[in-house]
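The values are calculated or read from the model by the stated rules, or taken from the named source; none is laboratory data. The shown structure was predicted, so the numbers you read here are calculated from the model rather than taken from an experiment. All Cβ positions, glycine included, derive from the backbone under ideal geometry; neighbour counts span all protein chains shown.
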Amino acid sequence: MVIPSAISGFTSAAAISIAATQIKGQLGITYSANGFVEEVTGLVENISDTQWKDALVAFISLTSIYLMMVRLKDSFKVSCS
């Protein structure tokens, strides 16, 4: 049996890893990387190459999703009584 804190740790690590690999696409930056450290280093080194249109689309999309989630969260609550 795997303890809940281990599952939480692996889930958090996976989320961070996925986010790190997706950010460059959201900002319109291109570079190659093999691993988490290279991914973060490449992002920092190439941040000045950010394409503002790509970043704007990403910002609007993420903001829209967040606002929809906040607005609809009560619609999906399940009552256990």
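Can you go through Ser17, Ser12, Ser8, Ser75 and tell me which one is among the small types (Gly, Ala, Ser), surrounded by fewer than 10 Cβ atoms within 10 Å (Cβ to Cβ) and either in a helix (DSSP H, G or I) or free of Cβ contacts under 8 Å to residues at least 40 places away in the same chain (or both)?
Working: Ser17 fails: surrounded by fewer than 10 Cβ atoms within 10 Å (Cβ to Cβ); Ser12 fails: surrounded by fewer than 10 Cβ atoms within 10 Å (Cβ to Cβ); Ser8 fails: surrounded by fewer than 10 Cβ atoms within 10 Å (Cβ to Cβ).
Of Ser17, Ser12, Ser8, Ser75, the one residue that is among the small types (Gly, Ala, Ser), surrounded by fewer than 10 Cβ atoms within 10 Å (Cβ to Cβ) and either in a helix (DSSP H, G or I) or free of Cβ contacts under 8 Å to residues at least 40 places away in the same chain (or both) is Ser75.
Give me the residue from the stretch 20-49 that is modelled with pLDDT under 90 and closer than 24 Å to Leu62 by Cα and, out of that set, farthest from the chain's Cα centre (by Cα).
Across the stretch 20-49, the extreme among qualifying residues is Phe36.
Hydrophobic (A, V, I, L, M, F, W, C) and in contact with an Asp or Glu (Cβ under 7 Å, 6 or more places away or on another chain), is that true of Leu62?
No.
Test of understanding: among Ala33, Ala55, which residue is touching a Gly at 6+ places or on another chain (Cβ under 7 Å), of a type in the set (Gly, Ala, Ser), surrounded by 10 or more Cβ atoms within 10 Å (Cβ to Cβ) and not in a helix (DSSP H, G or I)? If you could, list the steps in order and put the result at the bottom.
Working: Ala55 fails: not in a helix (DSSP H, G or I).
Residue meeting the stated conditions: Ala33.
Determine which single condition Thr63 fails, assuming it passes every other condition in (1) at pLDDT 95 or above; (2) surrounded by 12 or more Cβ atoms within 10 Å (Cβ to Cβ).
(2)
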